[in-house]
Structure formats: structure tokens, C-alpha cells
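A short worksheet on the structure shown next.
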């Protein structure tokens, strides 16, 4: 019995997703087809179609899973211990210093390799 319920909901979910895609496509097409109307009205119409499409998608199993994932991600972001302003500035300065040192190191290595190549090719004078 549950297998047939899953099949029915799967078919219904597919129909809802196709309907949502059709509404979204109609909204985008309408935005470009009604160029003679004000852009404000076209954008509002497009946003309305997007909202309707999202509401339809959220009624499917996939939409509910995406919504649950987003809610769980938001919960995890709230659990993160964010660094203080001082820690952020210190870390940024350390990164800038290391980048500067690496730049100087790579410049020196490049100069050394260039002089070796010039010597080997006889262009060094």
C-alpha cells in the first residue's frame, strides 16, 4: 500500500515540478513579450510568477527536502563561534604579511632562474 502511495506522490510531484517550470517559463516569456508595458509591471509580474513557482515546488518532496536543508544550514550557521574584530584584523594582517613574503621569495627565485637561463644561453654578457 505504501509503495502505491509513493508512486502516486512521485507522479504528483513530477506534475507539480513541471507545472512550476511552466509557470516560471511563462513568466520569463511574458517579461520579454510585453516590452511595451512599464518595466515595473513586467518585473512585478515576473516576481509573482517566481513566487508562485517556488510555492508549488515547496509542496513536493524535493522542495520540502531543500527547505529542510536550508533550515538546518541556518541552524548550523547560528552555532558557529565567529571571531572578534581584533582576531579578524590580526589574522588578516598575518595573511597579508605571508603573501608579501611569498611574493618577495618568488620574485627572488624568478630572478635567480632568469640569471641561470641567461648564463646558459649566453645572453648574460
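Determine, yes or no, whether residue 40 is exposed (fewer than 10 other Cβ atoms within 10 Å of the Cβ) and in a helix (DSSP H, G or I). For residue 40, the condition - exposed (fewer than 10 other Cβ atoms within 10 Å of the Cβ) and in a helix (DSSP H, G or I) - is met. Can residue 47 be described as at pLDDT below 95 and on the phi < 0 side of the Ramachandran plot? No; evaluated as a whole, the condition is false for this residue. Could you tell me whether residue 52 is on the phi < 0 side of the Ramachandran plot, in contact (Cβ under 8 Å) with a residue 24 or more places away in the chain and surrounded by 10 or more Cβ atoms within 10 Å (Cβ to Cβ)? Yes: the conditions hold for residue 52.
Rundown of residues vs (1) assigned by TED's automatic domain parsing to the domain that holds residue 10; (2) free of Cβ contacts under 8 Å to residues at least 12 places away in the same chain; (3) assigned to a helix (DSSP H, G or I); (4) over 30 Å from residue 13 (Cα atoms), yes/no style:
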residue: 68; (1), (2), (3), (4): yes, yes, yes, no
residue: 72; (1), (2), (3), (4): yes, yes, yes, no
residue: 75; (1), (2), (3), (4): yes, yes, yes, no
residue: 92; (1), (2), (3), (4): no, yes, yes, yes
residue: 107; (1), (2), (3), (4): no, yes, yes, yes
residue: 113; (1), (2), (3), (4): no, yes, yes, yes
residue: 120; (1), (2), (3), (4): no, yes, yes, yes
residue: 123; (1), (2), (3), (4): no, yes, no, yes
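The values are calculated or read from the model by the stated rules, or taken from the named source; none is laboratory data. None of these values were measured; they are calculated from a predicted model. Reconstructed Cβ throughout: ideal geometry from the backbone, glycine too, with neighbour counts over all protein chains shown.
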